[in-house]
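Working notes for the structure below.
The values are calculated or read from the model by the stated rules, or taken from the named source; none is laboratory data. The structure displayed is predicted, hence computed values, not measured ones. Cβ placement follows ideal geometry from the backbone for every residue including glycine, while neighbour counts extend to all protein chains displayed. What goes into the accessible areas is simple: the full protein's heavy atoms, side chains included, and nothing from ligands, DNA or RNA. Shrake-Rupley method; radii C 1.70, N 1.55, O 1.52, S 1.80 Å.
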Amino acid sequence: MEVQSVPAHVPPGLVHDFDIFNFVTEDEDVHAGWHRQVNGLPDLFFTPHGGGFWVVNNADLLEAAFPDGDLFSSKEGIGVPPSPPEIPAMLPIEADDPFHKALRRPLNLALSPKGVVALSERARALVIPLIEAIAPQGQCEFVN
């Protein structure tokens, strides 16, 4: 994984050697590996791995930082490593408010419990006849 140089504005005391793609040993789960690696590190630190990025290491701080687009913007990208500039933004996740809220509104409506129930009824109406048509064959090749 690429190690990025540390930007000049990052205080040296907040730079820590943490590789998000290489912190779990073979015999531990991701949560144990994360805890072992970041236990004792600051609530907010910078790692030069994966193109260089900030790590929020505290749930309360994450809750406060997430909606603060002025301090922690998503519009420059959230990928680790960063996506090449020619790759379009992954919307709505790579947008800050108020644009983010405008993009999420139709998704929230469609994926609300009521919206999902309506979609599930339509999906069943479409899929049941298809399944009934292929069931007598005992198999189906889905890819083609």
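Of all residues in the stretch 5-29, those that are farther than 18 Å from G50 by Cα have Cβ atoms under 7 Å from Cβ atoms of residues that are open to solvent by less than 90 Å² (accessible area, probe 1.4 Å), 6 or more apart or on another chain, in T25/G33.
Does F45 meet the test of being among the aromatic types (F, W, Y) and part of a loop (DSSP other than H, G, I, E, B)? No: the conditions fail for F45. With respect to being among the aliphatic types (A, V, I, L, M), open to solvent by less than 70 Å² (accessible area, probe 1.4 Å) and part of a helix (DSSP H, G or I), A102 fits the description. Here A89 meets the list (1) at pLDDT below 90; (2) open to solvent by less than 80 Å² (accessible area, probe 1.4 Å) almost entirely, failing just condition (1).
Would you please list the contacts, defined by Cβ atoms under 7 Å and residues six or more apart or on different chains, that run from a residue in the stretch 51-71 that is touching a residue at least 12 places away in the same chain (Cβ under 8 Å) to a residue that is open to solvent by less than 30 Å² (accessible area, probe 1.4 Å) and of a type in the set (D, E)? So the pair list comes out as G69/D96.
Residues in the stretch 48-78 that are open to solvent by 40 Å² or more (accessible area, probe 1.4 Å), assigned to a helix (DSSP H, G or I) and in contact with a strand residue (DSSP E or B) (Cβ under 8 Å, 6 or more places away or on another chain): L61, L62. Surrounded by 10 or more Cβ atoms within 10 Å (Cβ to Cβ) and either modelled with pLDDT under 90 or acidic (D, E) (or both) - does that describe any residue in the stretch 132-141? The answer is yes, given that some residue of the stretch 132-141 is surrounded by 10 or more Cβ atoms within 10 Å (Cβ to Cβ) and either modelled with pLDDT under 90 or acidic (D, E) (or both).
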